[in-house]
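**Student:** Sharing a structure here in structure tokens format.
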Amino acid sequence: MKAPIRICVLGNFSGRNAGDIAILAGLIHEVEARFDRPRFLVPTLNPGFVDKHLNQHHNVEAISLMPWALSAKIFGLPVLRAVLGADVVLITDNILFDRRLWNPLYNYLATLSLVLPIAARRGVPVVLYNASLGPISTRSGRWCLHRLMQVCELVILRDRPSQQLLERLDIPHAPPHFAADCALSTTPASDAEIDRIARAEGLFQREAGGGTIAFNVNTYLDVFLDRRGRHRDVGPLLDELARAIDRVIDALDVDVLFTVTQVMDLKVARPLMQRVTRQDRVKLIDNRTYRYDQIAGLLARCELLVGMRTHALILAASVGTPVLGIVSYLKTTGFMQSIEQGHRLIGFDGLNEEALVRQMLDTYHHRHATRRALQPIIVREKARAAHGAELLHQCLVGQLAASNPPADQPAPSAPMPRNPHHESSPRPTPDA
């Protein structure tokens with residue numbers, strides 16, 4: 001029997017972020033539909049979490065990145081062994097940026113720019129899979145990204161700004177293909193399961209009123225304030241947000257469900273929730289207690305989601321719920337534009353009580369039309385997410401056929417083009 005293909009998936013799968021596990025689950029679902037019994041090698045800080053969520057139904061090996069496994073997060077023997085032991089390496093999500101570039105406890109780019117060229121020289125294809133790139137703002141970051149892009153056999157991006165970044169930095173790369181975020185392939189938990197959670201949490205219980213609005217905020221508010229030269233004390237901003245939420249509750253007779261998809265965001269979501277005067281109308285759920293598919297199922301029953309975390313927006317949109325994005329990352333803008341909702345964005349510079357109330361009310365009043373409009377768009381975007389797996393299959397089938405041709409036939413050419421810059425382009429010099 002032919003051995004299953006071994007696929008090493010590189011991303012941030014620590015279990016702290018519902019979006020990350022949604023990406024991994026979506027990737028596995030789509031790839032399994034096109035390969036026979038693939039085996040997934042997943043480096044992670046939390047092997048138990050990956051095993052618990054995925055190993056019951058999939059062939060997944062969680063590889064520990066903890067210090068006792070001789071690793072400083074991404075930097076160490078486990079990742080090197082995983083990529084060298086794989087038949088293909090997939091880099092997914094948004095892990096290639098240069099903030100804190102030389103700190104492997106925070107940054108992936110520097111380590112991968114060293115490790116993946118070794119894998120490529122050993123004949124292991126490296127693929128950017130439904131990924132985003134950047135931000136890159138330093139010469140060292142450009143050098144690392146250049147080095148990595150040289151060895152990518154297949155480049156599948158999930159947004160146009162990533163391609164624009166490569167062009168702006170003048171980094172040679174394989175011809176890019178465009179897909180969509182793997183988390184769009186999320187299948188929400190069953191209605192019976194969502195009914196049970198709703199009863200336990202006291203959600204969606206009022207027959208009268210305007211329904212429930214979900215609200216998602218992230219912990220980087222202080223960073224965004226500081227970048228704009230404003231005081232890092234987030235208290236005044238939280239006061240404004242709370243006043244806006246109170247006004248929307250009164251205007252629409254709605255409940256508000258604070259939805260946390262990254263556990264670190266609890267430290268800002270809780271203080272914001274406590275500032276809301278209408279405490280009888282607010283609830284909180286988080287991904288410590290509920291799986292990503294359960295959160296998606298709960299969001300499906302909300303009238304809309306106001307969100308800062310990109311993957312909170314993606315989970316909501318994946319089930320057809322209208323979304324209003326507060327731009328805290330460039331990838332948020334890219335995603336909202338991809339689902340034709342670029343007009344439903346609030347820039348962080350313009351985030352204040354009046355702007356938030358105005359946008360929330362407008363999104364709410366147009367929610368039915370938006371939900372109808374989103375239906376074909378989300379079908380299209382789910383198909384684009386799945387397209388990444390089809391491109392991967394075309395690439396690998398061509399490579400496997402080329403490496404193992406019938407004895408009486410010449411090796412066929414691969415249907416997907418190889419990176420024309422692989423091992424050929426001059427490399428820029430890094431910072432001293």
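**Student:** Pick out which of Ser71, Ser137, Ser14 has the largest mean-square fluctuation in a Gaussian network model of the chain, springs linking Cα atoms closer than 10 Å.
**Tutor:** The residue with the greatest mean-square fluctuation here is Ser137.
**Student:** Where does the chain land at 222 nm, in deg cm²/dmol rounded to the nearest 500, when only DSSP H runs of n ≥ 4 count, each adding -39500 (n - 2.57), divided by all residues?
**Tutor:** Numbers: 15 runs with 187 residues, N = 432.
For the chain, the value works out to -13500 deg cm²/dmol.
**Student:** What angle, in degrees between 0 and 90 and rounded to the nearest 10, separates the Cα long axis of helix 139-150 from the longest principal axis of the Cα atoms of the chain?
**Tutor:** Around 60 degrees separate the two axes.
**Student:** Leaving out same-chain residues fewer than 8 places away, which aspartates and glutamates sit with a Cα under 16 Å from that of Lys52?
**Tutor:** Asp20, Glu61, Asp293
**Student:** Taking just the alpha carbons, could you work out the radius of gyration and Dmax for the stretch 295-336, both in angstroms?
**Tutor:** 9.3, 28
**Student:** For Glu390, what charge total do you get from the other residues with a beta carbon under 10 Å from its beta carbon, if Lys and Arg give +1 and Asp and Glu give -1?
**Tutor:** Values: positive: Arg34; negative: Glu30.
Result for the neighbourhood of Glu390: 0.
**Student:** For a quick check: with amide H placed at 1.01 Å from N, whose amide H comes under 5 Å from Val60's, ignoring anything fewer than 5 positions away on the same chain?
**Tutor:** Phe40
**Student:** Explain nothing, just the number: relative contact order of the chain, from Cα pairs under 8 Å at least 6 residues apart, as a whole percent.
**Tutor:** Working: 834 pairs, mean separation 70.3, N = 432.
Here the relative contact order equals 16 percent.
**Student:** Excluding His366 itself, calculate the net charge of residues whose Cβ lies under 14 Å from the Cβ of His366, where each Lys or Arg counts +1 and each Asp or Glu counts -1.
**Tutor:** My count for the surroundings of His366 gives +2.
**Student:** A follow-up question, please. Of all DSSP beta bridges located in the chain, what percent are antiparallel, nearest 5?
**Tutor:** Values: 3 of 45 bridges.
The antiparallel fraction comes to roughly 5 percent.
**Student:** Next question, about the same structure. So for the stretch 218-344, what percent of the C-alpha to C-alpha distances run longer than 25 Å? Spell out each step's value before the answer.
**Tutor:** Values: 1841 of 8001 pairs.
Value for the stretch 218-344 (Cα pairs over 25 Å): 23 percent.
**Student:** Still on this model: Can you compute the FRET efficiency between Arg380 and Phe49 using 1/(1 + (r/R0)^6), with r the Cβ-Cβ distance and R0 = 45 Å? Round to the nearest 0.05. Can you show the working numbers first?
**Tutor:** Values: r = 32 Å, r/R0 = 0.70.
About 0.90, to the nearest 0.05.
**Student:** Helix 353-365 sits at what angle to the longest principal axis of the chain, using alpha carbons and giving 0 to 90 degrees rounded to 10?
**Tutor:** That works out to roughly 80 degrees.
**Student:** The stretch 262-309 to the stretch 109-154: how many Å between their Cα centroids?
**Tutor:** When both Cα centres are located, 35 Å separates them.
**Student:** With Kirkwood's inverse mean 1/r over C-alpha pairs for Rh, give me the Rg to Rh ratio of the chain, two decimals please.
**Tutor:** Values: Rg = 22.3 Å, Rh = 22.7 Å.
Result: Rg/Rh = 0.99.
**Student:** Now for a different question. On C-alpha positions alone, give me the angle between the axis of helix 18-32 and the longest principal axis of the chain, in degrees, nearest 10.
**Tutor:** Once rounded, the angle reads 40 degrees.
**Student:** Taking a temperature of 4 °C and a viscosity of 1.567 mPa s, what whole-number D in µm²/s does Stokes-Einstein yield for the stretch 77-234 with Rh from Kirkwood over alpha carbon pairs? Please list the in-between numbers first.
**Tutor:** Values: Rh = 18.8 Å.
For these conditions, the coefficient is 69 µm²/s.
**Student:** Moving on to the next point. Among the trypsin sites (Lys or Arg not before Pro) in the stretch 1-76, which ones are in a DSSP loop with at most 13 other Cβ atoms within 10 Å of the Cβ? Mind listing them?
**Tutor:** Numbers: sites: Lys2, Arg6, Arg16, Arg34, Arg39, Lys52, Lys73; in loops: Lys2, Arg16, Arg34, Lys73.
Qualifying residues, ordered by number: Lys2.
Every read-out reported here was derived from the displayed coordinates using simple, explicitly stated rules and does not represent laboratory data. Small disclaimer: the values here were computed from a predicted structure and weren't measured. In this analysis, Cβ positions are derived from the backbone assuming ideal geometry, glycine residues included, and neighbour counts consider all displayed protein chains.
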